[in-house]
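These notes concern the structure reproduced below.
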Amino acid sequence: MSTNYRRSTHRARRYRGERTIGGTLVYAGDALLDKHLFVHPVSPGGFDWGPDADDDRACQLAIALLAPTFGLEVAVDDYHLFATNFVKHELTGDTWTVRSQDLKADGLRTKFAHREYPKNTAPSPSDIDIETADIDGLTDAEEIALARRYDEVLWKKGNRRGNLHRLQEIRTGALDPADEPVSKQWIGTHLGLTAAAAKRALADDFETMGDLAGWVLYATTLTNRDQIGETTAERLRARRGVFIRWFGGEEYIPRWDDDQQTLSGQPSQ
């Protein structure tokens, strides 16, 4: 979910359009419909509809109708289809009213596959880079593209834009996850361990996330530690993806040397 958008705050049961001397007005309930430029700014000038409508203005109306009804990703991916299928071909009068449930009719967004659509100008994953992106200034379309590009290494829990901030800091060297302290809460929440003794043992043995992750991913065996049996070891190994996402990529996880002395003071073997 985007940082600055919640569907419930934008959804209306009924939308209404009026073509006036002063221009085109679209209402969501009793209030003017937001242009949703923060999602993807195709036409900052406003909305239009009908067969003679400017493509960009029809696309902006499509985005503003789709986002609160279907969510941000549908709006970004399908607005150009919806602009042609619905905004330009179904909304033909100077005034119109449409209910939100009408927008969800089966096949509405895809039923005219033979038509030539306006180009979808939303950024693709290859258009945006985590190291140079202005995370705070991203549109929702840019945020979606960035999250898709780094899907395999982006932390999923919590706020997506905040997670993109974290990944950017890792990639630019402003944050080193290996230096972060280990906590029993993190272990219990993210590593799937139910035994309190095992969680406590790991929290006591490892001071930093780098040491913990390196041991879980690269140690020859995990069962030579107190409270770590075969079942627990299997669960830890299965959390490889969790560590990769937390570190923003496997290349940021320190390698574990089986010959090094453990933090608990256990001698080298």
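For the reader, a short list of remarks on this structure follows.
- Scanning the stretch 133-156 for residues that are out of contact with any Phe, Trp or Tyr (no Cβ under 7 Å at 6 or more places or on another chain) and outside any helix (DSSP H, G or I) returns Ala133, Asp134, Leu138, Tyr150, Asp151, Glu152, Val153, Leu154, Lys156.
- Ala178 being in contact (Cβ under 8 Å) with a residue 12 or more places away in the chain, of a type in the set (Gly, Ala, Ser) and either closer than 30 Å to Asp134 by Cα or assigned by TED's automatic domain parsing to the domain that holds Asp151 (or both): yes
- Qualifying residue in the stretch 152-172 (condition: within 18 Å of Arg240 (Cβ to Cβ), of a type in the set (Asp, Glu) and either exposed (fewer than 12 other Cβ atoms within 10 Å of the Cβ) or outside the structural domain of His36 (by TED's automatic domain parsing) (or both)): yes
- Where helices (runs of 4 or more DSSP H) fall wholly inside the stretch 158-266, the ranges with 2 or more residues that are within 30 Å of the chain's Cα centre (by Cα) are 160-172, 184-190, 209-218, 230-237, 240-247.
- Exactly one residue out of Thr24, Thr84, Thr97, Thr92 is in contact (Cβ under 8 Å) with a residue 60 or more places away in the chain, polar (S, T, N, Q) and either more than 19 Å from Ile144 (Cβ to Cβ) or loosely packed, with under 14 Cβ neighbours inside 10 Å (or both): that is Thr97.
- Of all residues making up the stretch 142-153, the number that are touching a Ser or Thr at 6+ places or on another chain (Cβ under 9 Å) and of a type outside the set (Lys, Arg): 3
- Of the residues making up the stretch 45-81, just one is assigned to a loop (DSSP other than H, G, I, E, B) and in contact (Cβ under 8 Å) with a residue 60 or more places away in the chain, namely Gly71.
The values are calculated or read from the model by the stated rules, or taken from the named source; none is laboratory data. Note that the structure is predicted; figures quoted are calculated from it, not measured. Note: ideal-geometry Cβ built from the backbone for every residue, glycine included; neighbour counts use all protein chains shown.
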